[in-house]
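What follows is a set of notes on a single structure, which appears directly below.
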Amino acid sequence: MVRDGTENQKQHKIPVPTNYRMAAKYLRQAIHEKKSIKSELVAGKHFRTGRTIMHRLTTNMPQINAIMTNIELLKKEPKLNEWLARVLIGELLFGRGELNGMSLPVECVRRYESEIFEEYEKTKDDIKPLTRSLKEPRFVRINTIALNLEGAKRMMEEEGWILVDEEFADYSSFLERMRALGDSEYMVDFHFKDMLVFPWSAKNYWARSELVGTKFFLQNKACLVPTYLLNPVKKSVVLDMCSAPGLKATHLACLMKNKGRLYAVEMNDERYKVLCQYTTDFGVIKTIHGDCLEITDEQVPGVQYILIDPSCSGSGMLNRIDASEPVDEDRLYKLSGLQYKLLTHAMNGFPNAKRIVYSTCSIHEQENERVVESILRHNGHFKLLDAREELGKEWLNLGSEKYPGIGERCLYARTEIDLTIGMFVAVFERCAEGEVNEFYVQNQTYREKNAPKKKRDNDYNGEEAEGSEKPKKKKSKKQNY
């Protein structure tokens, strides 16, 4: 009996193989915490096969989940970590076909190996792997402080790239040609002449290129829409409230010809370090390590232009989990509240601010049109501009018709149409003296008429919306291993 106890004690100390442990961590972050894990996978020194493993998992997640449910694995093994269980099942079915090590979770899943394979045979014809309908192009922004468009073309020609030098009647015809890019072709973007477009196959080329970070930046096209709409002039004063990693800040610096002052704010310690690395060569940029909600006009005097690209659900990101996920209403409720606070602070904390651009990489109306509607109802001194008109270029996707006066003035980048990440953009401008936006007037009128009834508007003003309840929190079960 003593001997058995010693053996069991030793077995408990056998660690889970690193690849399994890391894969479970990133899978949880991607699905449960809704995080983008692309940069972590690239930087993971101890998880070099991470992208391959994660692609297998995300592609086959519907079948893995179905098998776990059908064999009641977590019900039979309540101490088994659900994310690690998914990884181990994925490796059995779609990886090496066997599991490494003798750790407790590995041994646990091995006991169900025959059931897992039997269930796979039953479900494989009904549940198909997820496939991406889009292999997104590689967008590369020219650092116009160091290089102009003609210099970039010469550099690409020396590297063996062939410029697609064609005239396009409209944006749609440009998109069709972009879909058909050959492996050695590249294009100058239809909208932005400091953006080059390469085929999917160019990803490895740019991953190895020493030009990245000096002459060029890898930046999705949709991310240039907010900076172009902010459109700060040379020698102006700009505030980038949620700045890391710094790609939008460096583009703003280029638009300003590296003259003036750009305050780039980031609160998170690690992200602030990345921000400093990106912006170190731009003299116009001053980084601030702090909470943008606590930044005052005294700290950043004379701010005229404000960019707000806040934390969001990331539902428009191409590098997120491939599987379709249910909407986390509780998380959207909290995010939209934060987004409302940031916009309120931008509109009321900086008296010289004349233009504010709000953008998210989300496709959810709760974080987009609804936040815009709410902010206009409570801030009469800013109005919503027509973003497509301000861009001055053809654009295909606008906001929802459910928000009249708002949806048609906002822009969306849609992955399936624009071949970019999904993004939302709204442009605000300070009203002229004596001018008030129409949504504020309507809201004030409504309040006056309904004051005795003490009704609340369906928006974000520090109170719960009329007829709505804050989503109830789900209790999370603590797992033992």
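Residue separation of E72 and K354 scaled by 0.36 nm, minus their Cα-Cα distance, works out to 95.7 nm of gained length. Shape class of region 59-111 from the alpha-carbon gyration tensor: oblate, with a/c at 1.5 or above and b/c at least as large as a/b.
Using a simple spin-label model with pseudo-atoms 7 Å out from Cα toward Cβ, Q444 and T296 lie 2.9 nm apart. In the context of the full protein assembly, E294 retains an accessible surface of approximately 130 Å², using a probe radius of 1.4 Å and ignoring ligands and nucleic acids. Within the assembled protein chains, the solvent-accessible surface assigned to K402 is about 140 Å², based on a 1.4 Å probe. Taken about its Cα centre, region 145-277 carries a charge dipole of roughly 700 debye when the Cβ of each Lys and Arg holds +1 and the Cβ of each Asp and Glu holds -1. Measuring nothing but protein heavy atoms, the accessible surface of region 49-96 at 1.4 Å probe radius is 49 percent carbon and sulfur. For region 342-457, the solvent-accessible area with a 1.4 angstrom probe is 44 square angstrom per residue. Length gained on full extension, R177 to A432: 87.5 nm, using 0.36 nm per residue less the C-alpha separation.
Given their separation in residues at 0.36 nm each and the Cα-Cα distance between them, N204 and K124 gain 25.5 nm when the chain is fully extended. Checking the cross-link pairs K248/K286; K215/K354; K234/K341 against a 23 Å limit on the alpha carbon distance flags K215/K354; K234/K341 as lying beyond it. For the set I14, I288, the ranking by accessible area, highest first and with no ligand, DNA or RNA atoms included, is I14, I288 under a 1.4 Å probe. Close amide H partners of L398, meaning residues 5 or more places away or on another chain with modelled amide H under 5 Å apart, are Y412. By definition, a body whose alpha carbon gyration tensor gives a ≥ b ≥ c is oblate when a/c is 1.5 or more and a/b is not larger than b/c, and region 307-421 fits this oblate description.
Which of rounded, prolate, oblate describes region 131-218, given a ≥ b ≥ c as roots of the alpha-carbon gyration tensor eigenvalues and a/c under 1.5 marking rounded, otherwise prolate only if a/b is larger than b/c? Oblate shape, in that a/c is at least 1.5 and b/c is the bigger or equal ratio. Near F216, the amide H atoms lying under 5 Å from its own belong to N143; only residues 5 or more places off or on other chains count, and H is placed 1.01 Å from N. Counting protein heavy atoms only, region 119-244 has 46 percent of its accessible area on carbon and sulfur, 1.4 angstrom probe.
Think of a 1.4 Å ball rolled over the protein heavy atoms: region 141-255 then has 42 Å² of accessible area per residue. The HN-Hα couplings worked out from phi for region 286-302 by the Karplus form 6.51 cos²θ - 1.76 cosθ + 1.60 (θ = phi - 60°) are 10, 7, 10, 8, x, 7, 5, 6, 9, 6, 10, 5, 5, 6, 10, x, x Hz, whole numbers, x standing for Gly and Pro.
The values are calculated or read from the model by the stated rules, or taken from the named source; none is laboratory data. What you see is a predicted model, and the numbers here were worked out from it, not measured in a lab. Every residue, glycine as well, gets a Cβ built from its backbone with ideal geometry; the counts of neighbours run over all protein chains shown. These accessible areas exclude ligands, DNA and RNA; they are computed on the full protein's heavy atoms, side chains included. Shrake-Rupley method; radii C 1.70, N 1.55, O 1.52, S 1.80 Å.
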